[in-house]
Structure formats: C-alpha cells, structure tokens
1. If you place +1 on the Cβ of every Lys and Arg and -1 on the Cβ of every Asp and Glu, how big does the dipole about the Cα centre of the range 215-284 come out, in debye to the nearest 20?
2. In square angstrom, what is the accessible area per residue of the range 216-316 with a 1.4 angstrom probe?
3. Of all the accessible heavy-atom surface of the range 113-190, with the other protein chains kept in place and a 1.4 Å probe, what percent is carbon and sulfur?
4. Of Lys156/Lys204; Lys82/Lys164; Lys204/Lys271; Lys224/Lys281; Lys50/Lys164, which ones are farther than 25 Å apart at the Cα?
5. Please give the FRET efficiency for Glu49 paired with Lys164, using the beta carbon to beta carbon distance and R0 = 30 Å, rounded to the nearest 0.05.
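The values are calculated or read from the model by the stated rules, or taken from the named source; none is laboratory data. What you see is a predicted model, and the numbers here were worked out from it, not measured in a lab. Here the Cβ positions follow ideal geometry from the backbone for every residue, glycine too, while neighbour counts run over all protein chains shown. Surface areas here come from the heavy atoms of the whole protein model, side chains and all, with no ligands, DNA or RNA. Shrake-Rupley method; radii C 1.70, N 1.55, O 1.52, S 1.80 Å.
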Amino acid sequence: MRTLAIVVLLAACGKGGDSTETKSGSAGAAGSGGSGAVVSDVKPTAGFEKLTVTRDGKPIPMARAFIKRVSPDQWRLQVGDKVGSCQELLSGVASAVEGATSFVTTLRRRLAPDGIATIQVTEFWTGGHPTKATFSTARLTEPTDKDTRVEVELAKISDDDAGKILVVEGALVAIGCGDQPPDGAGIPKDSHVSAASVSVAGKKLDLVSAVLVGDDLTLSTGPKDCSGITPWSQVVVRHHAGKWTLSGTWFEKDHEATEKALPEDTVKDLKVTFGAQGNGKDGPTMAITIAGAGNIGPYPITLAGTIEALDCQTKK
C-alpha cells in the first residue's frame, strides 16, 4: 500500500466549446444585421418590460429569450428581437436574419474564498462572434428545465462591437430549454463507486470521478475518463508533476498551493491512500481513500472519503 501527501488542484473543467454558431459558421449569436432595421417604437412582448437594450443609445426592444444549462452552475442565455429558439440554443447554430439584434451570454456561479457565491457573466457574443464586453453579475431562478419560465436579471453589460456600443441591462423572462445534450466526450463508459467529497470555502460537493496516471491524480465533481478531455465541472482537484492547483467553473482562474516550506505547509495534511485494484468497462481501477484539510491559494479545502479511480497507466 502506498501513501501520497497531496495538494489539491481543481483543474478548470474544460472541454468548453459549445459556443453558438451562425449558419455561416462564425462563432457567436446572430447579431445586428443592419442599422435602423428595428424601430424603437416597437413594444417588447411580455417578460421584457424591465429589460433595456440599446445600440448607440437607440432602444431595441427584445421579444424572445431562451436559456439552457451547460453544466451544473453554468448556463447559456440567448436573447433576441427576431431570432432565437431552444432548438438553436441547444444545437449551437443560430439563424442570421437581416436587421436582427441578438446576443448570447454565458452565466457561471463563482465562489469567493469567503464562501460567498455569485452568478457572473463570463462570455458575451453578438454580431456573430465573441466580443470584449464589460462583464457583470446576474441573477436567475432555477431550475432551467424545458418549458419553465426562468427569471433572469442582468447588471449592466457594455460592448463595443465594430464601433457600435451595445448596452444591456435589466430583467427578463426566458424559456427554459433544459440541459445541453452531452456529446459523450470525456465521459466514462461505466459508473464508479464513490463515497468521497471535496469542500471548498465551506461548500461541500460529492466527487464523481477520479483518474490516476502514475502518481498524478485528478479528482472531479463531474464525470471524467482516461482521455485528455475534462468535461465541465464545478471543482476539479489535481496533482500533476508535483504541482497542485484548484480550478473549475466555480473559479475565475487556477489556484496553486503557496510553498512556504518543504513539505508545503498549506497542503501537508492532505493525503491519498491507494488500495485494492480492480477492472471494469473503462479498464483497470484502483480504490483510493482521501483525507485532510489545507489551502490552495486563498481557498480552504477538505478532502474526505473513498472513491474508485480509473488507473489509466496500467494496461488492461
């Protein structure tokens, strides 16, 4: 039996890449197709009375909005005056209509080191491509199941798209489209027993998967197989090449343990114990036990429990 003192790295769950595309193939939501095509005296449909969208100061009433869940605590919102549907949002292909204005935003729950969670706008597409908008916070009601009415409130978003200033602010009601259909990439063929958890800044989540490559370890709150793809997850804990980091959709950037001494003071109490080997549809497995508390960057971390890990380096 071998024991490894570990530092926690939450790798950003990141197979990322289901950004909406126009039918012409450019990334983003179908955007403003012409100037002045949407007149300002058009009244918005119900659910948009408290939403303000302007381009160069001219109001553009929105008429439709849809929202899907990309992964736990991550959503994508599509809003438009003439275009938009659940089919488009779920497929990632948006119609391009002359004179139409629409935008797509990514919303993610973020966790601060003090345990306070907020929802933030992290991406913004308009004009058929991603833009460098001034991002903000948001609020939404859950769940975003199919055909539910989801209340969304956006703090002010300002975007300079080709010299035209688009400003979005206020509340709206979006139609829930359910979950983004999985494409299977990075997902194990079989389920694996887990009674393990990770707590970050006092927020506790179950660990769903563990992957071993030699002494390198990945622990994730989402599913993960032996491939190089890590599907979106709120928290991923990794130990790789002697380094421990913390990342995931809950975090704006990756975090590493601070080395004050050897062994690292902030993570010296984190331990992983390797146990019995096995086999399954995904290949060789190994039971591991995790325990201990420490800090990765500014975040307090606690590991606990047992989980069946994929032993990706051992041949079948």
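1. 160 debye
2. Accessible area per residue, the range 216-316: 45 Å².
3. Here it works out to 50 percent.
4. From Lys156/Lys204; Lys82/Lys164; Lys204/Lys271; Lys224/Lys281; Lys50/Lys164, over 25 Å: Lys156/Lys204.
5. That pair, Glu49 with Lys164, gives E of 0.75.
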